[in-house]
1. Sort through A:62, A:97, A:134 and tell me the only one that's at pLDDT 95 or above, at the interface with chain B (Cβ under 9 Å from one of its Cβ atoms) and in contact with a helix residue (DSSP H, G or I) (Cβ under 9 Å, 6 or more places away or on another chain).
2. Confirm whether residue A:49 is over 23 Å from residue B:47 (Cα atoms), assigned to a helix (DSSP H, G or I) and in contact with a helix residue (DSSP H, G or I) (Cβ under 9 Å, 6 or more places away or on another chain).
3. What's the total number of residues in region A:74-91 that are more than 9 Å from every other protein chain (Cβ to nearest Cβ) and more than 14 Å from residue A:28 (Cα to Cα)?
4. Could you say which residue among B:326, B:332, B:297, B:283 is in the same structural domain as residue B:388 (by TED's automatic domain parsing), loosely packed, with under 14 Cβ neighbours inside 10 Å, in contact with a helix residue (DSSP H, G or I) (Cβ under 9 Å, 6 or more places away or on another chain) and farther than 30 Å from residue B:401 by Cβ?
5. With (1) assigned by TED's automatic domain parsing to the domain that holds residue A:330; (2) surrounded by fewer than 14 Cβ atoms within 10 Å (Cβ to Cβ) as the list, and residue A:290 as the residue in question, which single condition is left unmet?
6. For region A:146-246, which strands (runs of 3 or more DSSP E) that fit wholly inside it have 1 or more residues that are within 19 Å of residue A:11 (Cβ to Cβ) and within 18 Å of the chain's Cα centre (by Cα)?
7. Please verify whether region A:295-305 includes one or more residues that are within 20 Å of residue A:258 (Cβ to Cβ) and at pLDDT below 90.
8. Would you check which residues across region A:222-237 are more than 22 Å from residue A:17 (Cα to Cα), buried (at least 21 other Cβ atoms within 10 Å of the Cβ) and touching a helix residue (DSSP H, G or I) at 6+ places or on another chain (Cβ under 8 Å) and list them?
């Protein structure tokens with residue numbers, strides 16, 4: 001008997017009617033003889049409503065209390081799904097993070113799961129009971145409720161799959177799989193039957209919002225088969241798994257893009273050891289994540305230093321850089337938060353040349369200026385003007401022959 | 001330094017603005033140097049909204065899951081109050097029942113508290129932190145969330161006061177104390193400065209909805225001073241405590257009444273041992289609570305048997321009694337669910353005669369028919385037509401001189 005974890009996101013359980021639809025999906029898997037453990041997010045916009053409630057009470061809510069508040073959203077979903085499953089003749093039990101427990105680090109709002117105690121889950125599964133577990137939450141070292149950040153229910157699901165030794169972790173959502181590009185931007189984008197962990201990491205990291213990045217890392221580390229599929233209509237979805245060495249990987253699997261970018265350049269810095277650290281230290285101290293980093297070749301003893309951050313951090317980083325620039329006479333700051341990034345991703349790039357050349361050729365034909373480039377073994381990412389991003393993605397999707405047949 | 005428990009009911013925390021007002025009240029006690037532990041109910045109508053959600057998913061929600069669902073209401077309140085207190089410079093921590101834990105029996109929907117682990121509460125109080133505890137909920141023997149029934153947050157508060165050895169348990173609500181009678185019915189009813197546990201038990205049991213019956217029993221058993229006061233306007237409220245032997249108790253402290261009554265009579269039953277059990281057994285088996293019971297003197301070898309139940313149970317009891325009557329030819333069933341009960345309560349009745357005579361005299365003058373009578377040491381209760389109840393309460397309030405001066 002196969003054992004699967006099924007994770008349902010907020011839109012999948014957005015209403016009482018959707019809760020019943022989800023219970024039907026789980027019941028169908030049980031009727032086929034599969035063992036199922038369910039992980040669930042909060043209903044629809046309920047997390048936003050709880051956040052709004054907190055804001056009406058406090059401008060800066062205490063982190064411990066905000067986590068305790070938000071965690072109630074997932075608890076509500078678990079109870080409702082367990083009720084609906086029981087009504088369908090499939091006994092079920094809801095669990096919040098304190099009950100298992102799901103232990104995490106103590107960083108409220110972005111805790112990391114350190115262990116899931118699986119004793120009662122295994123007992124339930126052995127007895128034919130469907131455990132329904134609240135995603136997104138954990139228990140910190142001092143017994144407080146923690147949350148693992150937005151989108152974290154995907155990670156909860158993979159961690160649960162690891163804990164109970166599931167054969168597959170299914171992420172049921174409002175899209176029916178991973179696409180060669182965002183279908184809203186590229187109308188002839190094609191659903192991928194499968195994609196490797198490495199490719200999915202690059203796609204997720206570049207802003208393909210189907211799956212939370214950390215959940216893919218987690219699945220790759222423990223070699224858990226992930227499957228993204230729709231909770232609204234039937235279909236095989238996209239399998240995300242270890243690369244199959246017997247199958248030739250596609251040169252390019254997909255194109256991801258992300259608008260939430262901002263670019264900062266410091267010009268005229270002295271070319272000496274430690275200058276990169278001096279620039280990046282204030283951002284690191286402020287816990288701001290820096291993505292692409294480029295230092296040009298030195299000229300007249302000076303270098304220019306460019307990096308990108310999330311658009312929300314742009315103003316803050318500009319302020320931090322004022323201090324850096326102030327200690328280097330002749331240096332200056334430029335930047336833009338009207339930039340966007342795209343990434344061409346494919347495991348086959350490892351053994352194929354010409355992918356980068358095709359990219360630059362295509363963008364040149366489209367007269368799209370490339371501001372920054374960064375590469376990995378299976379990815380080429382470029383930063384362009386935000387206004388050019390959709391045109392760039394469509395042109396590259398065609399150039400690499402990714403369209404559905 | 002005095003240590004108090006403050007319990008806030010649903011209307012007291014009915015909105016974000018009310019949450020802030022409650023935080024102000026607690027902060028004021030802390031500023032006076034008092035130690036405070038808070039117990040809180042779910043916000044306003046949120047329990048009803050959760051119940052409605054459950055009904056949209058299941059006609060008969062699994063009891064374990066319904067408890068888990070409803071318990072989220074109180075968790076939300078605790079987090080919001082802890083946030084607001086922290087903002088005011090008074091550190092606070094929310095706790096749900098699993099965290100302390102509050103252990104209970106396993107009967108979902110009406111569990112009984114068996115213990116409250118007070119270690120972290122005591123540590124918080126010693127460190128100047130206000131623990132904010134979710135009322136109404138507990139952890140059953142198997143780790144499931146339980147609820148202790150509607151109104152049960154009062155009981156949570158008293159149990160918490162016992163656990164931490166509080167000097168007083170304050171129930172803050174939308175009324176400013178216990179009155180000689182319901183002021184909506186008797187306009188010149190007077191707030192009582194104090195009332196004994198025994199009197200309060202009779203008043204609560206007879207339908208005075210200020211306090212939950214079980215919480216008064218609990219407070220009496222552990223000799224915890226209870227105080228009912230308003231969270232909406234300042235005032236001393238009503239102290240509920242052990243009777244002070246040095247103070248002469250008032251003959252009549254107050255008059256309670258309750259409309260939710262129904263009366264059933266079986267006539268023509270054989271006068272033989274065991275007949276009362278035969279009549280009451282089906283009701284007990286169906287877990288229907290029987291209140292007043294009267295058997296008249298036998299005549300011609302037959303007796304009439306009358307008892308009262310909650311109006312909601314009336315149709316069900318009538319059906320159960322058909323079976324009893326069927327096995328006794330010549331017996332018959334009559335009844336009414338248009339009856340109401342009032343109770344005159346006062347510790348001083350123990351040493352004063354004439355209270356009953358005054359009652360019957362007053363009702364006779366008002367031409368109000370008394371259908372049933374039941375008495376205790378400190379109470380006389382009578383069943384009357386529902387249409388007469390308000391007139392009866394007003395007449396007796398005047399006859400016993402209870403009006404404010």
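The values are calculated or read from the model by the stated rules, or taken from the named source; none is laboratory data. This one's a predicted model, so the numbers in the text were calculated from it and none came from an experiment. Here Cβ is always computed from backbone atoms with ideal geometry, including for glycine, and neighbour counts include all displayed protein chains.
1. Values: A:97 fails: at the interface with chain B (Cβ under 9 Å from one of its Cβ atoms); A:134 fails: at the interface with chain B (Cβ under 9 Å from one of its Cβ atoms).
When all the criteria are applied, what remains is A:62.
2. Judged against the criteria, residue A:49 is not a match.
3. Selection size over region A:74-91: 2.
4. One residue alone meets the criteria, B:332.
5. (2)
6. Numbers: elements: A:168-173, A:194-196, A:226-230, A:238-241.
It comes to A:168-173, A:226-230, A:238-241.
7. Checking region A:295-305: not a single residue is within 20 Å of residue A:258 (Cβ to Cβ) and at pLDDT below 90.
8. Across region A:222-237, the qualifying residues are A:224, A:226.
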